[in-house]
Every structure is written in C-alpha cells, then in structure tokens.
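Worksheet: the structure to be examined is printed underneath.
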Amino acid sequence: MNQESNACTAFNDNTQYQSAAPVSPARAELDVHMTAKHIYDMLLYHMHSTLGGFLINIVGLTIIILGGMRLYFGQATLWGAATYCAFGILLLAATPVSLKMRANNTMKQSKFQNTIHYGFDNSGVDETIGGGTNHYGWNQVEKAVSTPKTISFYMEGNDSVLVFPKESFDNETFQSAMWYLSHNVVMGKIYIH
C-alpha cells in the first residue's frame, strides 16, 4: 500500500513538471518567391474585408437588380435595363481589374525581384532582402490574416504588410512560425484558421 502511495506521488511530481511553460521551437526560416497572384490575393482580401469594398459590391448588385426590376415592371426598355446591368457589372469588375493591375505594378518593385528571406523567433520577424535586414517586433503586428493563398501580417506604424505565400511553408516551418505568432501576439489580432 505504501508503494502505491509512492507511485502516485511520483506520478503527480512528473505531471507537475510536464505542465511547465512550453519551450519555444527553433528559429523558423522561410524563403519567399513573391508573385503577382500572391499580392493580388492579399489586396483582394483587404479590399473585400473593408466597408468600402463591401459597399462597392452592394451598390453594383443593387444597380443590376434595379435594372431588372425596372424592366419587369415596364418602367424601362430592354436597352435601358441592359444599361443598368452593364453599369452594375462594370462597377463590380472594376475593383478586381484595378487590383490585378496594382499587383502587377507592385511586382515591378526591386524588393520583389529577388528571394525574400524571413526568420521568426521570440523577438519578431526578420526580413532580409538583398543585403539589408528589417526587423519587425511582435508588438508591431496589428493583424495577422489568412487568405486562400497567403498569410499576411499587417504591421502598424509603417503601413507595411508582410505577405507569406502558403506554398513557401513546409509543415515544420509553418508550425514554428504560428507558434511564435500565437505566443507573442494577442489572440484578438490573429485571424488565421
């Protein structure tokens, strides 16, 4: 009976040690080859997650519906309804087209002509482009989001966005980078699922 009590005490002692604070993983290293599709993906997400982007879609759809209703109730000719629909479609298509052009223009910057190296650790994210390195502390992360093709960190103060294509991560690097993010940034700023 005394042995059982010692076994329980030993088990409890081991459990106590296992509940200690987690040890951070090794520094996560990532090389990014940016493309226009990654920039476009981030810009499209950003546009449609703001009130302005949402309102543009609502106004475009409303104009199309209004054209159809005016035709249905005999308040417009077929040509008039088609004009409403064409204007609504033009309004809906203008945003993606302009964002695609902006992404292509962004890719012309020298920053995106080379491989960008990122390093994640407890102090933040290091971005190495060419010979220069920029350091972003975790306290600068305003918001971290996931889009279909990228993970983006919106940085406060300097209007920067760090864009990481999902295809650049291997499983271990992704887990390490997300560990550093989740342990150093307030959960209310992380929108990665």
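May I ask you to list the residues in segment 129-163 that are open to solvent by less than 40 Å² (accessible area, probe 1.4 Å), touching a strand residue (DSSP E or B) at 6+ places or on another chain (Cβ under 8 Å) and polar (S, T, N, Q)?
Selection gives S146, T150, S152, S160.
Any idea which residue in segment 24-34 is modelled with the highest pLDDT, counting only those that are open to solvent by 50 Å² or more (accessible area, probe 1.4 Å) and not acidic (D, E)?
Of everything passing the filter in segment 24-34, H33 is modelled with the highest pLDDT.
Would you confirm whether any residue within segment 90-104 is under 19 Å from the mean Cα position of the chain (by Cα) and hydrophobic (A, V, I, L, M, F, W, C)?
yes
Quick one: count up the residues across segment 108-128 that are open to solvent by 70 Å² or more (accessible area, probe 1.4 Å) and polar (S, T, N, Q).
Final tally of qualifying residues: 5.
Output the residue which, of all residues in segment 48-81 that are outside any loop (DSSP other than H, G, I, E, B) and of a type in the set (F, W, Y), is surrounded by the fewest Cβ atoms within 10 Å (Cβ to Cβ).
Per the stated criteria, the residue is W79.
Can you name the condition, by its number, that N171 falls short on among (1) more than 16 Å from the chain's Cα centre (by Cα); (2) open to solvent by less than 30 Å² (accessible area, probe 1.4 Å)?
Against the list (1) more than 16 Å from the chain's Cα centre (by Cα); (2) open to solvent by less than 30 Å² (accessible area, probe 1.4 Å), N171 comes up short only on (2).
Conditions tested, residue by residue: (1) among the β-branched types (V, I, T); (2) over 15 Å from the mean Cα position of the chain (by Cα).
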site: G88; (1), (2): no, yes
site: T106; (1), (2): yes, yes
site: I129; (1), (2): yes, yes
site: K149; (1), (2): no, no
site: E156; (1), (2): no, no
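Only one residue in Y45, Y84 is touching a strand residue (DSSP E or B) at 6+ places or on another chain (Cβ under 8 Å), at pLDDT 85 or above and assigned to a helix (DSSP H, G or I), so which one is that?
Y45
Please work out which residue is least open to solvent (accessible area, probe 1.4 Å), limiting yourself to segment 178-193 and to residues that are over 14 Å from the mean Cα position of the chain (by Cα), of a type outside the set (V, I, T) and under 19 Å from S24 (Cα atoms).
Restricting attention to segment 178-193, the residues satisfying the condition of being over 14 Å from the mean Cα position of the chain (by Cα) are 179-180, 182-188.
If we keep only those that are of a type outside the set (V, I, T) too, we end up with 179-180, 182-184, 187-188.
Now restrict to residues that are under 19 Å from S24 (Cα atoms): 179-180, 182-184, 187.
Details: W179: 55, Y180: 7, S182: 51, H183: 96, N184: 57, M187: 125 Å².
Filtering segment 178-193 for residues that are over 14 Å from the mean Cα position of the chain (by Cα), of a type outside the set (V, I, T) and under 19 Å from S24 (Cα atoms), the one least open to solvent (accessible area, probe 1.4 Å) comes out as Y180.
Name the one entry in K149, K166 that is without any contact (Cβ under 8 Å) to a residue 60 or more places away in the chain, closer than 21 Å to L43 by Cβ and touching a Lys or Arg at 6+ places or on another chain (Cβ under 8 Å). Break it down into steps so the answer makes sense when it comes.
On the way: K149 fails: without any contact (Cβ under 8 Å) to a residue 60 or more places away in the chain.
Every option except K166 fails the conditions.
The values are calculated or read from the model by the stated rules, or taken from the named source; none is laboratory data. Since this is a predicted model, take the numbers as computed values, not measurements. Neighbour counts run over all protein chains shown; Cβ positions are idealised from the backbone, glycine included. We work out accessible area using only protein heavy atoms, side chains counted, and drop any ligands, DNA or RNA first. Shrake-Rupley method; radii C 1.70, N 1.55, O 1.52, S 1.80 Å.
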